[in-house]
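Here is the structure we will look at, set down as structure tokens.
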Amino acid sequence: MQLLDGKYVSEKLKEEIAAEAAGVLATLGRKPHLVAILVGNDGGSETYVASKMRNCEKVGFKSSLFRYDDSVTENELLEKIDEINKDSGVDGLIVQLPLPKHIDPEKVTERIDYRKDVDGFHPVNLGRMMRNLPCFIPATPYGIMMILEEYKIETAGKNCVVIGRSNIVGSPMSILMARNAYPGNCTVTLTHSRTQNLKEIVLQADIIIAAIGKKNFVTADMVKPGAVIIDVGINRETSEKTKSGYKLYGDVDFENVAPKSSWITPVPGGVGLMTIVGLLKNTLASARGNIY
Ligand code: NDP
């Protein structure tokens, strides 16, 4: 077993991004600029947004955060998005999910100008991705593609089973792995909670991408020896043993699956760190006008 080391790859790629950000500053006279909107006080969301902002500063981007209470109305939020859309000094805009129940995430996603949609959730970007056109690829799948590429993982002709079909991870991941490109050219099976015989299907996989949101869901008896394992899951549990007061677990039973695998991403230290790189790369591409 070998680790697909998100810490190593993300640090390496962030150095490259920092060098390119310096180039943007030299030519545009300003830094690439990412704006985040955070609604409410969800612990996980707070951590993710803080990490995104911190990483922006690290690579020489400007970052701005707008915070709202849970009580913010949908209209207020949409108006703020309109204002940021019009600001030519902003390259990327993300709204951290989940949102409170009274706000429709679809409306919010579609309201963001697709040319600033560095999360890659807007239907225009997803449609362009389907057609292999330049676009912002959703940050987590983008990060996974980068780590596969870095370790030169063979994908052509392989059986790839994606577990989970969310709009932000599983579905775009399945499209990317099936594209006529590298990484890609896999025979992809997209599975979900209504899939029958999941274990038998996953046992056929050369590459497993687990994005379910259930601790240790993928167990060793579901894994073919030598499979490549990408664990997207981030499951937080409170812990008295850590400084932060919680501990993170993946969707894969790492301890028992790792010895059977050829390559595997750890949690933490895997896909989560690569997601940030995906976001930074999209923001940089936006600032440089590489996509639109
Ligand atoms: P969602 O809750 O949106 O989707 C979960 C998917 O898992 C659904 O498609 C669901 O099926 C499927 N599922 C649930 N139970 C089963 C089951 N028993 N068998 C098969 N499929 C099942 O989650 P996300 O995609 O947003 O996130 C998944 C995980 O990844 C979470 O832990 C999340 O925290 C993490 N995550 C990590 C990121 C990172 O940067 N590392 C980024 C984003 C997410 P159905 O559609 O039928 O309900």
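See the values below:
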read-out: Sites excluded, trypsin sites (Lys or Arg not before Pro) in DSSP loops with at most 11 other C-beta within 10 Å, longest stretch of the chain; value: 1-100
read-out: Degrees between helix 271-287 axis and first principal axis of the chain (Cα, 0 to 90, nearest 10); value: 40 degrees
read-out: Within region 200-258: Cβ-based charge dipole about Cα centre, in debye rounded to nearest 20 (Lys, Arg +1; Asp, Glu -1); value: 320 debye
read-out: Sum of side-chain charges, L279 neighbourhood, beta-carbon under 9 Å (Lys, Arg +1; Asp, Glu -1); value: +1
read-out: Magnitude of the charge dipole, the chain, Cβ model with Lys/Arg +1 and Asp/Glu -1, debye to 20; value: 420 debye
read-out: Per the chain, cysteines lacking a partner by the 4.7 Å Cβ criterion; value: C56, C135
read-out: Charge context of P105, other residues only, Cβ under 11 angstrom, K/R +1, D/E -1; value: -1
read-out: Principal-axis tilt of helix 139-150 within the chain, Cα atoms, nearest 10 degrees; value: 60 degrees
read-out: Cα gyration tensor shape of region 119-208, rounded if a/c is under 1.5, else prolate or oblate by comparing a/b with b/c; value: oblate
read-out: Positive-pole candidate from A156, M177, T195, dipole of the chain, charges at beta carbon; value: A156
read-out: Charge tally in the Cβ shell below 12 Å around V39, where Lys, Arg are +1 and Asp, Glu are -1, V39 excluded; value: -3
read-out: Positive-end extreme of charge dipole, the chain - chosen from G272, V95, S45 (charges on Cβ); value: G272
read-out: Too-long pairs where the Cα-Cα distance tops 27 Å, listed order kept, from K31/K101; K62/K241; K12/K214; K58/K116; value: K31/K101; K62/K241; K12/K214
read-out: Nearest-20 debye value, region 160-258 charge dipole, Cβ charges on Lys, Arg, Asp, Glu; value: 280 debye
read-out: Simple spin-label estimate for N256 and M130 in nanometres, 7 Å along Cα-Cβ; value: 3.9 nm
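Values quoted throughout were computed directly from the atomic coordinates according to the rules given, and no laboratory measurement underlies them. Bear in mind the structure is a predicted one, so any value in this text is a computation, not a measurement. Glycine also receives a Cβ, built like all others from the backbone with ideal geometry; neighbour counts cover every protein chain displayed.
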